[in-house]
């Protein structure tokens, strides 16, 4: 059974006899009773301390019950207080107007106190149940929001951990022939910049940049004697070197996340050429994944500008001349155009690494 002892019923009637009957009849009930003798007084009381139920007479001077109810329902602060109309008018039009105005029930005069008590108890219990449900919903909403924040924090930590692991994997591979490991960081930024100028979203561009850091992960399977050889590779050595694309794809195969799947595609395709003369699958044109095409250009650009055991760095102008000359041959011509458009931003980004 619900505890009604903390609840208040407001009786509004301009006739003292009616008020006395209701107060005397309800005085034995557990809830408190407040009284108002007109509409203005009722609104003043409600504004100071809201009751849990209002017994409202319809026929009152100055402001009738319909107007009081309308004002209560138009105020968001009081709209949810249930109103039971008290009326001697039993015609259907009056009852319809009462319900249309927002009343939950009506009691006819003269009063049958057994009926009044039953109606009041029913609506108080219903009102209390609604409040308890609302409180539970607010508590549940708070717990859901709290849990959501906790899950978001966990997901953020997982994402940061994933990025860190990927970066360290890429750096670890590159540092075999680049003691700073800055190559993969420059590639990541270049790929992100170029990808952002395509039709991909910023999120996808960022993901491709991160995935590109693993483009040479397959070099872990290449012997140092070949990877770090200062001179030109023999045909057999070059065949072993080319296998790093296959090795990298195997390392990254069957990935569950979009990041690893993209990294797999890049590792396998970043040495393919637009004209189909690349390796390992001799893919041609748009058959080469877009992320792989972008990484291919970024990789060549950075490699030619960098010092390696087998070469000195090239000047920027010579590198850009080569890239322009290889459009439609080595590189996707549209990617070359986007690269040239982004070149000032790319050069600036290299200064950070």
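The values are calculated or read from the model by the stated rules, or taken from the named source; none is laboratory data. From a predicted model like this one, the values you see are computed outputs, not experimental measurements. For neighbour counting, all protein chains shown are included, and Cβ atoms are generated from backbone atoms with ideal geometry for every residue, glycine included.
Inspect region 323-334 for any residue being within 16 Å of residue 217 (Cα to Cα), in the same structural domain as residue 221 (by TED's automatic domain parsing), within 36 Å of the chain's Cα centre (by Cα) and crowded, with 19+ Cβ neighbours inside 10 Å and give the result as yes or no. Looking through region 323-334, none of the residues is within 16 Å of residue 217 (Cα to Cα), in the same structural domain as residue 221 (by TED's automatic domain parsing), within 36 Å of the chain's Cα centre (by Cα) and crowded, with 19+ Cβ neighbours inside 10 Å. Restricting 80, 113, 132 to residues that are surrounded by fewer than 18 Cβ atoms within 10 Å (Cβ to Cβ), within 27 Å of residue 27 (Cα to Cα) and modelled with pLDDT under 85 narrows the list to 132. In summary, helices (runs of 4 or more DSSP H) completely within region 242-353 and bearing 2 or more residues that are at pLDDT 95 or above and more than 25 Å from residue 207 (Cβ to Cβ) occur at 316-325. Quick check on residue 130: is it without any contact (Cβ under 8 Å) to a residue 60 or more places away in the chain and more than 23 Å from residue 64 (Cβ to Cβ)? Spelling it out, residue 130 is indeed without any contact (Cβ under 8 Å) to a residue 60 or more places away in the chain and more than 23 Å from residue 64 (Cβ to Cβ). Within region 72-86, the set of residues being more than 47 Å from the chain's Cα centre (by Cα) and either free of Cβ contacts under 8 Å to residues at least 40 places away in the same chain or more than 23 Å from residue 51 (Cβ to Cβ) (or both) comprises 85 only.
Which residue out of 65, 39 is closer than 21 Å to residue 23 by Cβ, out of contact with any strand residue (DSSP E or B) (no Cβ under 6 Å at 6 or more places or on another chain) and surrounded by 18 or more Cβ atoms within 10 Å (Cβ to Cβ)?
Result of the check over 65, 39: 39.
Answer with yes or no whether residue 225 is part of a helix (DSSP H, G or I), surrounded by 12 or more Cβ atoms within 10 Å (Cβ to Cβ) and either modelled with pLDDT under 90 or assigned by TED's automatic domain parsing to the domain that holds residue 298 (or both). No: the conditions fail for residue 225.
Total residues in region 87-106 satisfying the condition of being closer than 21 Å to residue 42 by Cα and under 51 Å from the mean Cα position of the chain (by Cα): the figure is 10.
Checking each residue in region 99-110 for being touching a residue at least 12 places away in the same chain (Cβ under 8 Å) and either in a helix (DSSP H, G or I) or under 10 Å from residue 25 (Cβ atoms) (or both) picks out no residue at all.
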